[in-house]
Amino acid sequence: MNPTSPLRHALGGRAARSLTLAVLAAVIITGTAACGGSNTTSSGTARSTRTISPEPAKTPSASPTPRTQREFAASVSAAAERNRQQAVKQLAGVQGRGNAVKDVSVTGQPVAKSEQFRSALVRVTNPTDKAAFYAVKVDFVDASGKVLDSVVLGFPDAPPGRTVSQHANSRKAVGVKTFPRIAQAERS
């Protein structure tokens, strides 16, 4: 025998089903309203975005649009050139190899035959307790010891107790097996 629920028995089968559907519809409508239904027809669309902290005051900028990748590369290249020129000036007055040769190391980088330059990784470790500018001259020499090219690098604000690095690239030493070496290094 199939027992009937007390609600069905008291209201009758049809009335109990209607009441169940009405309660279910009310729960769905209430849940939808509580979730803040969306006016869009596509699923997954954000209705609004909330910010936890206040937005900083906007200041007028010199450029209304963000810099392009080309503009950024040009500014980085200009900064590297300024550092190189400062290093050339600093090394012009140096007698001998300089006061920071022990702070600098160089490692030749392997290159494919299709490469258009020879490259060396130059590392500077600042052993002092203050940031310093390093001027470094790297010679690319062939197997006989002949200098094929010299590249000057500037390392601005090398942090104390830290190591910074840059690549020295030579277009003149392309196609020849070269060995990079530190010719001069000066800390100021």
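The values are calculated or read from the model by the stated rules, or taken from the named source; none is laboratory data. From a predicted model like this one, the values you see are computed outputs, not experimental measurements. Positions of Cβ are generated from backbone atoms using ideal geometry, with glycine treated the same way; all protein chains shown enter the neighbour counts. For the accessible areas, the whole protein counts, side chains as well, though only heavy atoms, and no ligand, DNA or RNA atoms are used. Shrake-Rupley method; radii C 1.70, N 1.55, O 1.52, S 1.80 Å.
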For this session: Only residues that are open to solvent by less than 50 Å² (accessible area, probe 1.4 Å) and either modelled with pLDDT of 95 or more or of a type outside the set (D, E, K, R) (or both): list them for region 112-127, please.
Result: SER119, ALA120, LEU121, VAL122, VAL124, ASN126
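Is there a residue being closer than 13 Å to SER188 by Cα and touching a Ser or Thr at 6+ places or on another chain (Cβ under 9 Å) anywhere in region 108-122?
Of region 108-122, the ones closer than 13 Å to SER188 by Cα are none.
No, there is no match, as no residue in region 108-122 is closer than 13 Å to SER188 by Cα and touching a Ser or Thr at 6+ places or on another chain (Cβ under 9 Å).
Could you identify the single residue in THR65, THR49, THR45 that is modelled with pLDDT of 55 or more and more than 25 Å from LYS137 (Cβ to Cβ)?
Values: THR49 fails: modelled with pLDDT of 55 or more; THR45 fails: modelled with pLDDT of 55 or more.
Of the residues listed, the single one that is modelled with pLDDT of 55 or more and more than 25 Å from LYS137 (Cβ to Cβ) is THR65.
Looking only at residues in region 169-188 that are outside any strand (DSSP E or B) and open to solvent by 70 Å² or more (accessible area, probe 1.4 Å), which one is nearest to PRO110 (Cα to Cα)? Let's see the steps before the verdict.
Quick first cut of region 169-188, residues outside any strand (DSSP E or B) only: 171-178, 188.
When the remaining residues are screened for being open to solvent by 70 Å² or more (accessible area, probe 1.4 Å), the result is 171-172, 175, 177, 188.
Values: ARG171: 15, LYS172: 16, GLY175: 12, LYS177: 10, SER188: 32 Å.
Only one residue fits best here, namely LYS177.
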Seminar exercise, completed: Of the residues in region 80-93, those that are hydrophobic (A, V, I, L, M, F, W, C) and buried (at least 16 other Cβ atoms within 10 Å of the Cβ) come to ALA87, LEU91
Problem set entry | Those residues of region 143-160 which are more than 26 Å from ALA173 (Cα to Cα) and under 20 Å from the mean Cα position of the chain (by Cα), in sequence order | PRO156, ASP157, ALA158, PRO159
